[in-house]
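**Student:** Dumping the structure here so I can ask a few things about it.
Readers should treat all values here as calculations from the given coordinates under stated rules, not as data from a laboratory. Since the model is a prediction, treat every value here as computed from it, not as a measurement. Heads up, the Cβs are rebuilt from the backbone with ideal geometry, glycines too, and the neighbour counts pull from every protein chain shown.
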Amino acid sequence: MLSVYVSGQPISISNLAALRTQVVDGTTSYQLTGEVLLTFQQSYRNQKFIQDATAAILLDDNDGVITTSYSIGDGITGITGVLTTYKGMLQFKPSADPGSPTSTGNVIIPSVITVSEFLAHFEDYESQLIQINNLTFTDAGSTFANFGIYPVSDPAPVVMNFKATFWNRDYIGTTIPSAQQDIVGVANERDSDPSPGIYITARNAADMTDSPAPVPLGTTGIIVAVLLISAVLVVRKTHLI
């Protein structure tokens with residue numbers, strides 16, 4: 001739902017999903033009244049990715065308006081700014097420093113989705129911290145490079161792209177893993193050259209972990225049988241007592 005702008009007064013917006021539906025003109029001022037959580041930040045353009053229970057957005061603060069220091073997991077309330085876009089990414093450009101965090105140490109749980117969901121509903125996940133499991137890198141054995149684009153596929157296989165969008169993260173220069181990976185990352189896009197597309201980008205090496213080995217069907221059956229037998233024995237013992 002679009003809100004009515006009164007000159008000189010920011011429009012109050014309760015959450016990020018509502019903010020993402022507002023007019024994108026670079027001049028209308030909006031203030032987020034709800035708390036959002038910081039999921040990633042980098043020195044480039046003083047960018048910060050924030051999200052709440054409804055959606056996410058990129059804070060692009062090239063002017064350095066936000067002077068308060070924040071840590072990942074901090075809650076921030078009362079961010080004021082205008083909406084712009086850059087190469088397809090919706091951005092919230094802050095116009096004032098929101099001040100001290102309103103909470104700290106929040107645990108951010110990424111949304112676990114599939115490759116198909118990512119490709120079909122990217123706008124629902126843009127700028128959000130997501131997790132996609134059981135991904136295999138096509139370029140396994142090569143080396144991660146800044147801004148490199150690396151196809152990954154799930155077991156189906158459905159293919160999407162991983163991009164090293166964030167400059168000089170700790171996995172740059174390391175070997176691309178050959179084992180299936182569960183990848184946590186930020187959903188981001190570029191709709192124009194030099195590399196148009198939609199991507200998942202890990203924030204650091206810890207965001208990429210080997211996928212757990214599948215439990216063989218036979219083993220599962222044995223485990224279930226053992227548990228059932230144990231339960232029966234417990235019940236019988238209880239009746240005997």
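**Student:** Quick check: pseudo-label points 7 Å beyond the Cα along Cα→Cβ at residue 72 and residue 206, how many nm apart are they?
**Tutor:** Once both label points are built, they end up 0.6 nm from each other.
**Student:** Is there a quick way to get the dipole size of segment 11-94? I mean about its Cα centre, with the Cβ of Lys and Arg at +1 and of Asp and Glu at -1; what is the value in debye to the nearest 20?
**Tutor:** 180 debye
**Student:** Ranked highest first by average number of other Cβ atoms within 10 Å, how do 141-149, 70-78 line up?
**Tutor:** Put in order of decreasing packing, that is 70-78, 141-149.
**Student:** Pulled fully out, how much extra length does the chain show between residue 62 and residue 25, if you take 0.36 nm times their separation in residues and subtract their Cα-Cα distance?
**Tutor:** Difference between extended and current length: 11.6 nm.
**Student:** Quick one: which residues, 5+ away or cross-chain, put their amide H under 5 Å from the amide H of residue 148? H built at 1.01 Å from N.
**Tutor:** For residue 148, whose amide H was placed from the backbone, the distant partners under 5 Å are 164.
**Student:** Another question about this same structure. Spin-label point model (7 Å from Cα, Cβ direction): what's the residue 170 to residue 100 distance in nm?
**Tutor:** According to this spin-label approximation, the distance is 3.0 nm.
**Student:** Here is a further query. So what is the 222 nm mean residue ellipticity for the chain from helices alone, if each DSSP H run of at least 4 adds -39500 (n - 2.57) and you divide by all residues, rounding to the nearest 500 deg cm²/dmol?
**Tutor:** The helix-only estimate for the chain comes to -4500 deg cm²/dmol at 222 nm.
**Student:** Under a point-charge model restricted to the Cβ atoms of Lys and Arg (+1) and Asp and Glu (-1), what is the dipole moment magnitude of the chain relative to its Cα centre, in debye to the nearest 20?
**Tutor:** Value, rounded to 20: 580 debye.
**Student:** Compute, for segment 46-176, the length of the dipole vector about the Cα centre, with Cβ point charges of +1 (Lys, Arg) and -1 (Asp, Glu) only. Units Debye, rounded to 20.
**Tutor:** 200 debye
**Student:** Can you compute the FRET efficiency between residue 44 and residue 145 using 1/(1 + (r/R0)^6), with r the Cβ-Cβ distance and R0 = 25 Å? Round to the nearest 0.05.
**Tutor:** 0.95
**Student:** Along the Cα→Cβ direction, 7 angstrom out, place labels at residue 14 and residue 138. What is the inter-label distance in nm?
**Tutor:** 4.4 nm
**Student:** Let me make sure I get this right: for segment 111-210, a, b and c are the square roots of the gyration tensor eigenvalues over alpha carbons, sorted descending. Under 1.5 in a/c it's rounded, otherwise prolate if a/b > b/c, else oblate. Which is it?
**Tutor:** rounded
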